[in-house]
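Scroll down for the structure; my scribbles are underneath it.
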Amino acid sequence: MSVSDPTTKPFGTVFAPRMTVCEHVHDTERNEGSWTDWKTTPVEPVSLHPGAHVLHYASSCFEGLKAYRWKNGDVRIFRLDKHVARMQKSAALLHLPIPAPDVVADMIRTAVKENVDHIPDYPGSLYIRPTLFGTSVDIGAAAVPSPDALFYILCSPVGDYFSGGLRPLRVLLADRARSTPEFGMVKAGANYAQALGPVLKAKADLNCDQVLFCPAKDPQETGAANFVLMDDNRIITRHLDSNFLHGVTRDSLLTIAKDLGYAVEERGVAIPELLEFCKSGEAGLSGTAAVLAPIGTFVFEETEYTVGDGGVGANTNKLRQALVDIQAGEADDAHGWLTAP
Ligand SMILES: *Cc1c(COP(=O)(O)O)cnc(C)c1O
């Protein structure tokens, strides 16, 4: 690659030079708004009035997806439609103007094309971050949506998430919610802000990498990844409800697991069952950034529980590899998950 090597920099700190952007502009006199035509611009600071809605009332949401460069040079975006659909859902729940799905898809594809020289080879990728927020200037609008909005597609070349090798994570089971019913299922910025305190505390006090949020002792997900259990025969993960983010990686892993002959169980798993399962089974965290990260240890009520032998399990490796092979163009894209930019 010609660009400064992003594979050595922390995830999300290097940006490709171009972005696609549009604005929703509200005409107060006619009381209606419309989206401007989108355009490609350099990545540069955006200008916001200090009274902008997002700065006061957290009217912001985003997406996270990836484009991969194959060995033969082809570029493919993973599960574009699913990410576009989730963005619509997030915008709707925040009562933000909703950019049309085909516009969002076009803006993402163009952002990838414009930055094509900045996509690292596999296992690196181009991480794509569609971002939407409310820009209406009105600090009295605490209980009113923002009819003005800015929407852009920012891209970040990223290296192998596990460049130091797959390291099993240490995860605290915490008796509290990450978000709320309804908001748990959207990628809204405010959710991450409220999860920060418990995660920092788990790091400082218990040397944990992540917190698995278990309100009323009912495991849901971590701060930015879904939670799965696996053994040689089955994969178990929480059934979809409005409390947690419906991960595209989760959906992809379940589909692949079914293809590989695993039984798929989508249901709640209470903490006692979880800890019992992990004596011989495997546990992992799924998300776009890491795909499937192994959990090596749980900490619960001041006791440590080793998951399996504490290392990376065979089923974690197998399912992870099956998914990354599709993303890298090394396996057949049987479900039509990849889109050319
Ligand atoms: C993004 C995210 C996930 C993972 O979703 P993917 O679509 O698999 O990347 C899980 N939980 C939270 C809270 C997230 O923000």
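Bridgeable aspartates and glutamates around LYS203 (alpha carbons under 20 Å apart, same-chain partners fewer than 8 residues away excluded): ASP175, GLU221, GLU301, GLU302, GLU304. For ASP332 and GLU273, a Förster radius of 51 Å and the Cβ-Cβ distance give a FRET efficiency of 0.90, rounded to the nearest 0.05. Taking Cα atoms only, the orientation of helix 189-206 departs from the longest principal axis of the chain by about 40 degrees.
When the chain is treated as a Gaussian network with alpha carbon springs shorter than 10 Å, the biggest mean-square fluctuation among VAL75, VAL25, VAL248 belongs to VAL25. With all protein chains kept in place, the per residue accessible area of the range 98-160 amounts to 36 square angstrom at a probe of 1.4 angstrom. Roughly speaking, what is the centre-to-centre gap between the range 81-106 and the range 26-40 when only Cα atoms are used, to the nearest Å? That distance is 17 Å.
What's the FRET efficiency of ASN317 with HIS49 using the Cβ-Cβ distance as r and R₀ = 41 Å, to the nearest 0.05?
Numbers: r = 50 Å, r/R0 = 1.23.
That pair, ASN317 with HIS49, gives E of 0.25.
The Stokes-Einstein estimate for the chain, based on a Kirkwood radius over Cα pairs and taken at 10 °C with 1.306 mPa s viscosity, is a diffusion coefficient of 76 µm²/s.
Taking the chain as a Gaussian network of alpha-carbon nodes connected by springs under 10 Å, the highest mean-square fluctuation of the residues PRO219, PRO42, PRO97 belongs to PRO42.
What the range 202-255 shows is 34 Å² of accessible area per residue, with the surface traced by a 1.4 Å probe over protein heavy atoms. Among the listed pairs LYS66/LYS201; LYS9/LYS89; LYS66/LYS318; LYS66/LYS187, those with a Cα-Cα distance over 26 Å are LYS66/LYS201; LYS9/LYS89. The angle between the Cα long axis of helix 248-259 and the main principal axis of the chain comes to about 40°, on a 0 to 90 degree scale. For ALA331, the residues 5 or more places off, or on other chains, whose built amide H falls under 5 Å of its own are ILE326.
The distance separating the Cα centre of the range 114-162 from that of the range 163-188 comes to 21 Å. Can you give me the % of accessible surface on the range 202-242 that is carbon or sulfur? Probe 1.4 Å, all protein chains present, nothing else counted. Answer for the range 202-242 is 46 percent, counting heavy atoms of protein chains only.
Between helix 101-114 and the chain there is an angle of about 80 degrees, using the helix long axis and the longest principal axis of the Cα atoms.
Gaussian network model of the chain, Cα springs within a sub-10 Å range: biggest mean-square fluctuation belongs to which of GLN220, GLN321, GLN88? Ranking GLN220, GLN321, GLN88 by mean-square fluctuation puts GLN321 first. Heavy-atom surface analysis with a 1.4 Å probe gives the range 16-162 a carbon and sulfur content of 51 percent of its accessible area. With all protein chains kept in place, the per residue accessible area of the range 297-341 amounts to 49 square angstrom at a probe of 1.4 angstrom.
The values are calculated or read from the model by the stated rules, or taken from the named source; none is laboratory data. The structure displayed is predicted, hence computed values, not measured ones. Positions of Cβ are backbone-derived with ideal geometry, glycine not excepted, and every protein chain shown enters the neighbour counts. We work out accessible area using only protein heavy atoms, side chains counted, and drop any ligands, DNA or RNA first. Shrake-Rupley method; radii C 1.70, N 1.55, O 1.52, S 1.80 Å.
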